[in-house]
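Taking it in order: structure first as structure tokens, then the write-up.
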Amino acid sequence: MALIAGVALILDILIGWPQPLYARIGHPVTWIGKLIAGLDRWMNRGGARRAKGALAVLLVVAAALIPAVLIQMWLGPWLAAILAWPLVAARSLDEHLRAVARPLRAGNLAGARAATAMIVGRDVSRADEAALARASLESLAENASDGVIAPLFWAAVGGLPGIAAYKAINTLDSMIGHRTPRHEAFGAFAARLDDVANLIPARVTALLIVLAAGRRASPAMRCALDDAPGHRSPNAGWPEGAMAGALGVRLSGPRVYGDRIAYEPWLNGTAPDPAAADLDRGIRIYRRAVALCGAVLLGWALW
């Protein structure tokens with residue numbers, strides 16, 4: 001199974017998901033998203049919304065899992081690895097963060113705000129350099145877990161079925177797992193299931209960031225251990241805390257969502273705010289962490 005994860009990672013790093021292919025057929029995650037959106041419109045009404053939401057989760061996971069099981073059984077691990085490739089987002093995450101870093105480094109706040117708005121849910125329309133760098137670094141750390149390490153972990157554990165089921169769960173959480181009046185009940189099961197699916201990968205991601213931090217490995221580990229338990233998420237605080245400690249900056253803290261301010265606790269709160277140069281440093285740490293993950297998968301596959 002580690003072979004499937006390793007090949008998928010290599011293909012993603014080398015070619016990503018080409019834009020002409022996306023324009024022609026979309027992407028597996030968008031296919032899952034369309035199914036979720038349809039079930040949300042159809043089932044998220046009337047009474048018993050928690051039960052209906054749980055049933056919607058089971059239908060979406062089954063729709064991803066069953067074909068993946070059959071493909072791996074009939075066509076073998078190599079084709080399974082090729083089909084797992086679009087479910088890893090290492091290259092696209094790197095590209096999105098560099099799209100923020102370039103204008104931020106040049107002092108182009110308007111360009112940096114537009115690029116940051118593509119990867120975070122908070123309002124960054126009036127954000128300064130520190131707020132943009134902070135939001136982007138948090139997104140980098142959290143999505144290193146959700147979009148890269150967690151899919152690879154579940155591919156290594158369960159092959160194509162493992163990564164397909166995980167992406168279905170993660171997409172469900174991103175679409176219906178947030179606490180809004182519409183999805184408070186309907187998305188409750190999706191949110192809890194995503195928490196469980198990311199329990200181990202988030203901590204593995206934090207460890208990889210610690211190892212990639214080099215001389216700052218100790219403060220990275222200390223920040224993750226000390227501050228992650230106070231984070232709003234049971235999982236995101238681990239990679240974000242490790243990244244904050246690795247860079248010697250503070251992350252999280254207050255942020256704007258729509259017309260309200262969310263007063264989140266700080267990670268590494270006594271450190272200074274990040275700047276544009278810290279975003280470049282964060283991208284380098286991320287790349288080293290992904291390379292370490294690839295080395296582990298290679299060793300696992302050859303063992």
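Hey, in the GNM for the chain with a 10 angstrom Cα cutoff, which one of P254, P219, P201 fluctuates hardest?
P254
Evaluate the range 80-187: find the radius of gyration of its Cα atoms, find its Kirkwood radius, and give the ratio Rg to Rh.
1.05
Scan the range 221-303 for trypsin sites (Lys or Arg not before Pro) in coil per DSSP, keeping those whose Cβ has at most 10 other Cβ atoms within 10 Å, and list them by number.
Values: sites: R222, R232, R250, R255, R260, R281, R284, R287, R288; in loops: R232, R250.
Passing both the DSSP loop test and the Cβ count: R232.
Evaluate the distance, in nm, between pseudo-label points positioned 7 Å from the Cα of D123 and of W303 along their respective Cα→Cβ axes.
In this crude spin-label approximation the distance works out to 4.9 nm.
Would you please calculate the Kirkwood hydrodynamic radius of the range 21-130 over all C-alpha pairs and express it in Å, rounded to one decimal?
Final number for the Kirkwood radius of the range 21-130 is 17.5 Å.
For E95, E184, what's the fewest-to-most ordering of other Cβ within 10 Å of each Cβ?
Ordered from fewest to most neighbouring Cβ atoms within 10 Å, E95, E184 come out as E95, E184.
Name the residue from T171, L193, G269 whose Cα lies farthest towards the positive end of the charge dipole of the chain, charges +1 on Cβ of Lys and Arg and -1 on Cβ of Asp and Glu.
T171
Find, among the trypsin sites (Lys or Arg not before Pro) in the range 60-126, those assigned to loop by DSSP (not H, G, I, E, B) with at most 13 other beta-carbon atoms within 10 angstrom.
In loop regions of the range 60-126 (DSSP not H, G, I, E or B), the sparsely surrounded trypsin sites (Lys or Arg not before Pro) are R126.
Report the equivalent ellipsoid semi-axes for the chain in whole Å, largest first, defined as the square roots of five times the eigenvalues of the gyration tensor built from alpha carbon atoms.
On the way: eigenvalues 174, 121, 67 Å².
Working through the eigenvalues yields semi-axes of 29, 25, 18 Å.
Give me, ordered by chain and number, the residues 5 or more places off S252 or on other chains with an amide H under 5 Å from its own placed amide H.
Under 5 Å from the amide H of S252 lie the amide H atoms of L267, each far enough along the sequence or on another chain.
Give the whole-number value, in cubic angstrom per residue, of the convex hull volume spanned by the C-alpha atoms of the range 171-303.
Details: hull volume 17.6 nm³, N = 133.
Cα convex hull per residue, to the nearest whole number: 132 Å³.
Any read-out appearing in this document is the output of simple, stated calculations on the displayed coordinates, not a laboratory observation. Every value quoted in this text rests on a predicted model; they were computed, and no experiment measured them. With ideal geometry, Cβ positions are generated from the backbone for all residues, glycine too; neighbour counts draw on all protein chains shown.
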